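*Asks:* Let me begin by handing over the structure; questions about it come next.
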Amino acid sequence: MKVHHAMKHLFIPHAGNEYRPHFFRELSIGIILIGSIFLLGFSFGSSFFIHKTVLGANLASNVLVDLTNNQRLAFNETPLILNTKLQHAAFLKGEDMSKLGYFAHESPTGVTPWYWFKEAGYTFLYAGENLAINFSESNDVENAWMASPKHKENILNTNFREIGIATVDGVYQNNATTFIVQMFGTPAVEVAEAAVKEAIPVSTTTVAIQNKAEEKKLPEPAPTPTANVLAVASSTSAGDVKGEATSTPTLVSSIKSNIISLLKTPSTFIVKNISNVKEVKGDKEIVLEKYSTWYGRLLFGGSWYVQMIYQFMIVLMALALIVMIFIEVKKQHPKHIMYGVLMLAVLIVFVYINKSLIY
């Protein structure tokens, strides 16, 4: 009853509040205005921190790694381990796209994704790349990748063991944007050592798959067929996908049977330096390390959260105005109606600023 009484005083015009709902009085309007300005400041501050500082870029990468691992867990796949060399390779690729102003797997000078793996000192048995651009919120990026069969295939690929993600600000087609590079890999040395223990003979074949997600449209022509590829991308309808084969003299053989079986066992997958999460998926007990914190996820999605709060406040303000105007038509207070209309206009302006200039 106390809550009902308070809500009535707050929103409903009646004799008890002199037909002036407290929601539209000077104190409430002042609090809403100050709170709205604070939210805009938080949105700007979080966006600046994420896009303009090294710590913010690392935080964004960690959030995206956790989102990728959440997707793998949802599909009963083991999580990927964050590898600093892959993270550096992703940063080098993002920096190159930013510097030369392109968005593609292969640079205008003919540099392929695998060059950046080498530059970062990562020798791989399996490797893959996803790209994204013009996204400002982590969930948007991950959802776009998962909506494309070929990008989803990279994210859920059972051959991949490790991941590195980087975000780099730059300019593309005369517009400021953020390049997002997601690199997957399985280190050749680790698997080779395991294979030697299993007495697997040596060969020269390795595999690489690459995908990209372009802006938010994700167009996808048919893939280019490549010989000697164990996992060539099949033709689909979303994403530019290519398959490539590379050679490394020291890599191990019997990939179809021995190596892949090594990658899929044991049934219990444990990540070193565990932080907090354990899940059981079928016959696999998966202990997942979280690379991001709750406040990191809040900062990375700050502008999005602010946008949701603004939209809620606009709906609430509009409904409250309708109630105040029409419940007591003959006993209206123009001043408070004006407060409501002005506050509604201010919120709409803040939504525009947050979406157009920050989010």
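*Asks:* Distance check, please: which entries in 290/355; 52/99; 52/355; 2/335; 93/152 exceed 24 angstrom between their Cα atoms?
*Replies:* Working: 290/355 29 Å; 52/99 16 Å; 52/355 18 Å; 2/335 28 Å; 93/152 21 Å.
Check vs 24 Å cut-off fails for 290/355; 2/335.
*Asks:* Which percent of the accessible area of the stretch 8-77 is formed by carbon and sulfur heavy atoms (probe 1.4 angstrom)?
*Replies:* Carbon and sulfur atoms account for 72 percent of the accessible area of the stretch 8-77.
*Asks:* Full-extension gain between residue 95 and residue 25, please, as 0.36 nm times their residue separation minus the C-alpha to C-alpha distance.
*Replies:* Extra length from residue 95 to residue 25 when fully extended: 20.0 nm.
*Asks:* What FRET efficiency, computed as 1/(1 + (r/R0)^6) with R0 = 45 Å and r the Cβ-Cβ distance, is obtained for residue 319 and residue 147, rounded to the nearest 0.05?
*Replies:* That pair, residue 319 with residue 147, gives E of 0.85.
*Asks:* So what is the accessible area of the stretch 4-68 per residue, in Å², with the probe set to 1.4 Å?
*Replies:* 50 Å²
*Asks:* Give me a comma-separated list of calculated 3J(HN,Hα) values for the stretch 83-96, in order, Karplus coefficients 6.51, -1.76, 1.60 applied at θ = phi - 60°, integers in Hz, x for any Gly or Pro.
*Replies:* 10, 5, 5, 5, 5, 5, 4, 5, 5, 4, 5, x, 5, 5
*Asks:* What FRET efficiency comes out for residue 18 versus residue 139 if R0 is 41 angstrom and r is the Cβ-Cβ distance? Round to the nearest 0.05.
*Replies:* Result of the calculation: an efficiency of 0.35.
*Asks:* Please list 116, 294, 145, 304 from largest to smallest accessible area, probe radius 1.4 Å, with all protein chains kept in place.
*Replies:* Heavy-atom accessible area, descending, gives 294, 304, 116, 145.
*Asks:* Separate question: Which shape class, rounded, prolate or oblate, goes with the stretch 23-130 when its Cα gyration tensor gives a ≥ b ≥ c as root eigenvalues, a/c under 1.5 marks rounded, and past that a/b bigger than b/c marks prolate?
*Replies:* Judged from the Cα gyration tensor, the stretch 23-130 comes out prolate (a/c at least 1.5, a/b above b/c).
*Asks:* Now, a different point. Considering only protein heavy atoms, with the full assembly of protein chains and a 1.4 angstrom probe, order 308, 313 by accessible area, largest first.
*Replies:* 308, 313
*Asks:* Would you mind checking which residues have amide H under 5 Å from residue 291's amide H? H placed 1.01 Å from N; only 5 or more apart, or other chain.
*Replies:* 66
*Asks:* May I ask you to evaluate 6.51 cos²θ - 1.76 cosθ + 1.60, the Karplus curve with θ = phi - 60°, for each residue of the stretch 117-126 and list the ³J(HN,Hα) values in order in whole Hz, giving x for glycine and proline?
*Replies:* 4, 5, 4, 7, x, 9, 8, 10, 8, 10
*Asks:* Could I ask something else about it? In what sequence, largest accessible area first, do 151, 4, 88 appear using a 1.4 Å probe?
*Replies:* Ranking 151, 4, 88 by accessible area, largest first, yields 4, 88, 151.
*Asks:* What whole-number value in Å² describes the accessible area per residue of the stretch 287-359 for a 1.4 Å probe?
*Replies:* Solvent-accessible surface per residue comes out at 58 Å².
*Asks:* Please work out how much length the chain gains when fully extended from residue 5 to residue 328, using 0.36 nm per residue of separation minus the C-alpha to C-alpha distance, in nm with one decimal.
*Replies:* Contour length minus the Cα-Cα distance gives 114.5 nm.
*Asks:* Pop out the ³J(HN,Hα) list for the stretch 67-77 in order, Karplus 6.51 cos²θ - 1.76 cosθ + 1.60 with θ = phi - 60°, rounded to Hz; leave Gly and Pro as x.
*Replies:* 5, 5, 5, 4, 5, 5, 4, 4, 9, 6, 10
The values are calculated or read from the model by the stated rules, or taken from the named source; none is laboratory data. Since the structure is predicted, the reported quantities are computational estimates derived from the model, not experimental observations. Cβ sites come from the backbone with ideal geometry, for glycine too, and all protein chains shown count toward neighbours. Surface accessibility is based on the protein's heavy atoms, side chains included, excluding ligands, DNA and RNA. Shrake-Rupley method; radii C 1.70, N 1.55, O 1.52, S 1.80 Å.
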